[in-house]
Amino acid sequence: MRARQPRVRRNPGPGPAGLPPAATGSLNAAAAHFPFAATEPGAYCAHFHTPDTLARLVGQHIADALKQPVVVDNRAGANGAIGADAVAKARADGYTLLVTTNTTQASNLSLMKTIPYDPQKDFAPVSLLGKGAFVLATRADAPFSTLAEFVGYARNNPGKVSYGSANSSGIISGATLALKSNLALIHVPYKSGPAALSDVMGGQTSSLFVDIQSALPHLRSGKLKALGVTTAQAHPLLPGVASLATAPGMANFDLSYWIAMYAPAGTPAPEVQALNQQVVRFTQSKDIIARFADLGFTIEGSTSAQLDEFTRSEIGKWRSLITAAGITPE
């Protein structure tokens, strides 16, 4: 999955300007586990708009709670592996964090022949942040307006319909649709979601799989139209838009993505616990939950142990999805 990886850094002094307001937490005992250091902690965020937004909001929350500024540093390329590898090799002191998705922590093991880090051995899980869905979208004047029309048009025009992706969810959804529905679709990979959106609205690429949060403003403005969602059930924010599971050969298809926070392996348990406490508080904020629900993303926290178990299970799940899509590691 192609990605933009923001790294969140904390350092003494005034916080970075322009970060959105987040839920605040009291300093309490958690702060005692964080030494006041002159290093710059970081959280890298991956793949598309939602992780970046979450990284900035949860980063501001941590900054407010622990009284240390946080900086978000986006790293792009290699399916998010560049940013993930940077965090994996960072000092394990709790000052560099990874905010990422299933791509770096589950999908890359099956999508890529080699990756420079081990998703399980090189990271200390902090907390899950939430889950979301993708939508297959196209420009407003495309010659198809529903999933059935898209499939029919692609079948009648083999090799002339393309789909863009900037993440593993898009790669797998498109490859599965092409294979199971027997369509000659052209895959156009992108390093970032905004670039893919721009090309689709400009007509350079026929369609794209994009997270619902990023697509909504363009869907509501009429610049894009939704063809199908990647979840088994219709999405409440996109009434009347079919599930990919209704396409030929796609029965039971159900794909969603998730975002979580990790620290480098070896980060002391008290620091991981302090971070987990603040992240879980963030995910329990009614304002944050409502804000992201309106954008099609479900906020959800976890314990460190729960995220560790979840990551392990997701590696197997995404391996199965990738195999079923007929994708060969590159």
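The values are calculated or read from the model by the stated rules, or taken from the named source; none is laboratory data. Here the structure is a predicted model, which is why all the values come from computation and not from measurement. Please note: Cβ atoms are built from the backbone with ideal geometry, for glycine as well, and neighbour counts cover all protein chains shown. Heavy atoms of the whole protein, side chains included, go into the accessibility calculation; ligands, DNA and RNA do not. Shrake-Rupley method; radii C 1.70, N 1.55, O 1.52, S 1.80 Å.
Residues in the range 184-218 that are in contact with a Lys or Arg (Cβ under 7 Å, 6 or more places away or on another chain) and at negative phi: 189, 190, 191, 192, 200, 201.
State whether the residues of the range 314-324 include one that is open to solvent by less than 50 Å² (accessible area, probe 1.4 Å) and charged (D, E, K, R). Yes, the conditions are met somewhere in the range 314-324.
Scanning the range 90-117 for residues that are open to solvent by 10 Å² or more (accessible area, probe 1.4 Å), part of a loop (DSSP other than H, G, I, E, B) and over 27 Å from residue 165 (Cβ atoms) yields a total of 4.
The listed residues are 87, 188, and the only one of them that is of a type in the set (A, V, I, L, M, F, W, C) and open to solvent by less than 20 Å² (accessible area, probe 1.4 Å) turns out to be 87.
Looking across the range 125-153, the residues that are open to solvent by less than 60 Å² (accessible area, probe 1.4 Å) and in a helix (DSSP H, G or I) come down to 147, 150, 151, 152.
The strands (runs of 3 or more DSSP E) found entirely in the range 195-301 that carry 1 or more residues being among the hydroxyl-bearing types (Ser, Thr, Tyr) are 207-211, 256-264, 297-299. Residues in the range 289-330 that are of a type in the set (Val, Ile, Thr), over 16 Å from residue 101 (Cα atoms) and modelled with pLDDT of 95 or more: 289, 303. Quick one: how many residues across the range 154-173 are closer than 18 Å to residue 106 by Cα and in a helix (DSSP H, G or I)? Qualifying residue count, the range 154-173: 6.
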